[in-house]
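The values are calculated or read from the model by the stated rules, or taken from the named source; none is laboratory data. This structure is a prediction, so every number in the text was calculated from the model and none was measured. Don't worry about glycine lacking a Cβ; one is built from the backbone with ideal geometry, like all the others, and counts go over all protein chains shown.
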Amino acid sequence: MFVLRVFLGSIYTRWGRTTCPGNGTDLAYSGYMAGTYHTGTTKGSGANYLCLAGDPTWDFYSESINNDAKLTGVEYEFWPHRSILADFFGSDIKDAEAPCSVCRTSRNTNMMIPGRKDCYPGWTKEYSGYLVGPYSGYDDGSEYVCLDRRPETVVNSGNDDNDNMLYFIDSRCDASLECLALFVQFNTVMEYSKFSSK
């Protein structure tokens, strides 16, 4: 006799942390935030961040042949906010590499809402933080993600490699984006939270 177990729920990545929030979530795995390796000669590649497993297993590979599309760790940069990073995050994380965790929750749906740190009725907060993304000078695009408001760092990192750097995403209210109460000044670092339905 076979017993079929059905998992009802959802999975999300918690950027900047190696653990899950503990509010009905389980850790699937933790690892390292990775993204496109940016150089002056490499154009185009992946447009998303990945959470690489901290304990990888490999199939066949070759170190003698290299591709131009490369992954690298993602570094907390945040220039020009470097002098006040501890005010945002509780510690000075500049130049360190970012970890990540993949979390499984019993709640069926999750979503990110930029510009809110509190849940709408009927939703559960998974975590909150700041909207971050790539350096604006990169030739290719990437995604915006929520970096946990109390991020950890990868042990023995902090070399200021600048291979892939995270920055705050600033809001700019003008003719194309209404100036809502959320935007208290012309350029504001956006907070946001990851929510799940009950």
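Below, the figures for the structure above:
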{"item": "Residue match in the range 128-147 (condition: at pLDDT 85 or above, more than 30 Å from GLY9 (Cα to Cα), in a loop (DSSP other than H, G, I, E, B) and touching a Lys or Arg at 6+ places or on another chain (Cβ under 8 Å))", "result": "no"}
{"item": "Subset of the range 72-87 that is touching a residue at least 12 places away in the same chain (Cβ under 8 Å) and among the acidic types (Asp, Glu) - its residue that is farthest from TYR167 (Cα to Cα)", "result": "GLU75"}
{"item": "Looking only at the range 85-113, and only at residues there that are of a type in the set (A, V, I, L, M) and closer than 15 Å to ARG14 by Cα, the one that is surrounded by the most Cβ atoms within 10 Å (Cβ to Cβ)", "result": "ALA98"}
{"item": "Top-ranked residue in the range 164-190 [being part of a loop (DSSP other than H, G, I, E, B) and modelled with pLDDT of 85 or more; ranked as surrounded by the most Cβ atoms within 10 Å (Cβ to Cβ)]", "result": "ASN164"}
{"item": "Of residues in the range 97-120 being assigned to a loop (DSSP other than H, G, I, E, B) and of a type in the set (Lys, Arg), the one nearest to VAL154 (Cα to Cα)", "result": "LYS117"}
{"item": "ARG82 vs. criteria among the basic types (Lys, Arg) and within 15 Å of the chain's Cα centre (by Cα)", "result": "no"}
{"item": "Pairs with Cβ under 8 Å, 6+ apart, first in the range 159-185 and under 19 Å from GLY16 (Cα atoms), second surrounded by fewer than 14 Cβ atoms within 10 Å (Cβ to Cβ) and at pLDDT 85 or above", "result": "TYR167/TRP79"}
{"item": "The range 71-120, residues that are out of contact with any strand residue (DSSP E or B) (no Cβ under 9 Å at 6 or more places or on another chain) and small (Gly, Ala, Ser)", "result": "SER83, ALA86, GLY90, SER91"}
